[in-house]
Every structure is written in structure tokens, then in C-alpha cells.
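Before any comments, here is the structure.
Derivation of every value follows stated rules applied to the coordinates shown; laboratory data play no part. All values derive from a computational prediction rather than experimental measurement. Positions of Cβ are backbone-derived with ideal geometry, glycine not excepted, and every protein chain shown enters the neighbour counts.
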Amino acid sequence: MSSVSPRLMSIALAAILSIAGSIAVPMPARAADTPEPRAVYRTGPGDTIDIAVRGVPDLTRRVAIELDGTISFPGLGTITASGLTLHELRVLVKSSIGGRGVSLRNLDGGGAIPPEFDDIHVGIASYRPIYVKGDVVKSGEYPYRGPMAIREAVALAGGYAILRGDRGELALRSLDFKGEQEALWLEFAKERARVWRISIELGARGENRDAVIAAIPPSAPVSRDNVSSIVDLAAQQLDSRRANDRREHAAVDAIIAQLDDEIKVTSTQVAAEEKAYEADLAELRNLTTLKEKGVVNPQRFADARRAVLFSSTRILQANAKLGEVKRLMSERTLQKYKLTADRMIALYLELETATVRLGEIQAKLRSVVEKIHFAAGNSTIATGQQETAPSFIVHRRGAGGITRSIESESFELLPGDVVDIALLAPDAPRISPPRSSHPPS
């Protein structure tokens, strides 16, 4: 009997699985598949599925199981994926893909080939969340990440909420105080960086960036990365302000230099006009003497008088222009002085505000620390040494409805579980719910 190649056997197996998938009968696990987890988990609405086919990018997608328990996948249509174990889900999806005539490109150049099971990846990208309620610090919804016991769920919820009534209010206020303390430390870091930036702008030589960060004690409940970011922003603001100040001074200096050149040119013009005036005046005096002797043409004498008047007018115009340029020079020089003076005044006012703000923040920090100690001390006094015994009720949705059971801290949860936690004193009566119950139809 001739031997059958492994490749043909895989193709035949894919065809068989396709037929099996169409009638929703799960296939037995193959040796290569991942074994079932210790606690049998069945998929349900809210789970997100990762599907990938090697060499077929169009079949690489992440899809969510809808409320009706199905997933919609282009090229595969609608598949009922709810209520399956992870192994059953993998077999179902792989068989659906194998029965759709999907072809892979043959890397050896031999044309398209159908995918084998090992070419197809099916996994759960994210599970349904779990829910924790009752005597915990923060009830609510929490993500499920791998094997998780009840004790991990309690840790996610912030631990047990031992206090109730006025004592519980103290515990909650203590959390508020801690949040306020962290916010104040961030504000302190901001104002500290602000004082550092202003001091450098004022010309002080002192702390560098690392010294400012080190001013926030390691015990402060604030991220060092946040502190570094605050100081970096202050340094960037310092560079921007310095650059802007240089631009303003450079613009004024350019105008002053231009006015200085204009003063020099106008002063030269005034000197030339005064020299021309003196020459015209000397000519007029000479012609006046000759006129008295009757040897000067009257027209020439009149022209000399007009030349003197014209020269004196030009001197007045040049002096007026020189005065205007000098006035502008004085204004620009004063503007340059005011740029520096106003900037220094603004910086000192800003430094004063930042210093006062630092003092206020330090006072608030001391107050918050006292409040935290007070709340913690009263919580200890209120609870005393009496221990409480936690009770855990796990609500789990299954094929037959919702079951309810009493479990221990080490009980492993599944996605979608609801954990109800109650803290009872040792002598308090305990109400034991039945191991399982179903909601009325």
C-alpha cells in the first residue's frame, strides 16, 4: 500500500474538521494544543478573541464575543463562540478557517497550499472582567489577567474595608488626605522649580536641575518621573524666556545703532550747513562794503542776501532733524532700560508669589500629615485588637444560570465572576447561603 504524505493527511483532517465544525461538535484535543486550565473556563460575551493565520494578513484580527455569543469574522461569517472551553474554541475556529478554502503562499514556489492547524493561532486577547463588592476599600470592576485567586481580587480592590459608620468615614477620609498630600507635593515641586527658574533669571548662581529634583524627599508620595518632568518644563520655560528677552534687547539695540548712525550723519550735515552759512555771510558783508562805495551790482547783492537766508534756513532744518533723532535715541535708550527694569520687577514679584506659595503648601502638607495620623490613630483605636473573619460568596454564570457558593481566599476565580465579601466579627452570626442557586425564570 502506498504511503500518504503528511501534507495530504493534514488537508484531509482539515476537511473533516470543517464538517465537524458546521454541526458544532467539538473535536478531541490534539497533542499540540494547549492543555485545559485547572479551572475549566468557558468563553462568553465580553471576551476578546485573537485569530491569526500565518501568511494570510486578512485573517489576522481581534474580535469580541457579542451579547448573543457569536463572533463576526470577515471571510468566516458568524460563529457561535460562547460557552466553549479554550480548546473547543480553537478547534471550532481552526476548522472553520480550514473549511473556507483559505490558501497559503508556498514559500518553496510551488503555488498556493491550504493551511495546517499549526498555521492558525486562536487565543483570548482579553477576558471578561471580574467584579468585587462588599467590605473592600473600592468595590467595582477589575480586569482578569491570568490565574487569579480571591486574595488577588481583594488586593485589586484595595484590601478589606474594616471600618464602618463614623470609623469607615475616617478610613475614607484618610484616603482623601493621601490623595491631597500627593497633589500638594506635586504643587510643591512645581513652585520649587519655579523659584529655581526665577533665581537663575535674576542672575543667581546656585542649584542645578538635579539639586532641584533632590529637594523633593524620596519619602514624598509623588513619582520621581513627575518631578523630573516638572523641572524639565521649568528649564524649557527658562530657555524660552531668555531667548525672548534676547530678541527684545536685540531689536532695541538695532534701533539705537541706527539712530546713532543718523545722529552722526545729521551732525555732519549741521556742521556743513553752518560752514556754508558762514561763507555766505562773509560774502554778504563784503558786498555790503562795496555797495556803500557804489561799485556793486544790486542784483548780485540781492542774490547774496538770499543765499544767507537760505543757508540759515538749512541750518535750522538740520538742527531740528538732529534734535528729533536725539529725542528718539533717548526714548529707545529709556526703553532698553525699562525692558531690563520691568523684567526684574516682574521677576521679583513672581519670586515673592512663589515663595509665599511654597510656604502655604508646606503648611498644608503639615496639616495633611497630621490629619492622616489622626485618621489612622482613630481607626486603630476604633477597631482595637478584635479581628474580623471574611466571608466570600462567588457568583458565577454558567450554562444553567447563576450559581452561588461560599469559598476561601485561595479559590481561583474565572472571568465574569462576582465576589461578594463580608467581614464578620468572630462571635457574629454567619448566614451560609446554599452552595448553588438559580435565579427565578
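General observations
- A cut-off of 5 Å between modelled amide H atoms, ignoring neighbours fewer than 5 places along the same chain, links Val136 with Ala161.
- Long-range amide H partners of Tyr144 with built H, under 5 Å: Tyr127, Ile130
- Between the beta carbons of Asp245 and Asp210, assuming R0 = 25 Å, the FRET efficiency works out to 0.50 to the nearest 0.05.
- Cα-based reach from Lys364 at 18 Å (exclusive), listing lysines while leaving out same-chain residues under 8 positions away: Lys178, Lys190
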